[in-house]
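Asker: The structure under discussion is supplied below as structure tokens; questions concerning it will follow.
Throughout, read-outs are computed from the coordinates displayed, never taken from laboratory work. Since the model is a prediction, treat every value here as computed from it, not as a measurement. Note that each Cβ is placed from the backbone with ideal geometry, even for glycine, and that neighbours are counted across all protein chains shown.
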């Protein structure tokens, strides 16, 4: 766990870059199968000709919750899950076929500040290969209201 926060920040940046580049092989390495299926489907829905670019400038990771569990039908398959808040500065650009910017968030001079909540998962029971953390789920938080912000209780899993 000593390097977990750094690894989580690297996964965050890697997932964003892989989504932008439509790199399904890299995305498959960084996510669990269920998470990959959802993200790959979103890539296939992307309009033809769009080009995406993602640059993560800074990520501060905070551990919110740690869980240890196992698969109900296979108790020997134990796993750890860590829920984190990721406070990041990023630039995401969407360009059309001609290279003109048509969307995205932030700019080099004024990066977009975002707060994401992600669940990372890792096998902890003698896997055949060295265990690695992967994105299991992105928790969608409701939009912030004028008074007070979202809480973990309000999150949709």
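Asker: Among the numbered criteria (1) more than 22 Å from residue 3 (Cβ to Cβ); (2) over 14 Å from the mean Cα position of the chain (by Cα), which one does residue 28 miss?
Answerer: (2)
Asker: Starting from residues that are part of a loop (DSSP other than H, G, I, E, B) and in contact with a strand residue (DSSP E or B) (Cβ under 9 Å, 6 or more places away or on another chain), keep the ones in the stretch 17-48 and report whichever is farthest from residue 88 (Cα to Cα).
Answerer: Step one: list which residues in the stretch 17-48 are part of a loop (DSSP other than H, G, I, E, B), which gives 22-23, 32, 45-48.
Remaining after also requiring in contact with a strand residue (DSSP E or B) (Cβ under 9 Å, 6 or more places away or on another chain): 22, 32, 46.
Values: 22: 21, 32: 22, 46: 24 Å.
Among them, the one singled out is 46.
Asker: Being more than 23 Å from the chain's Cα centre (by Cα) and without any contact (Cβ under 8 Å) to a residue 24 or more places away in the chain is the filter; apply it to the stretch 72-105 and report the residue that is surrounded by the most Cβ atoms within 10 Å (Cβ to Cβ).
Answerer: Taking the candidates together, the pick is 101.
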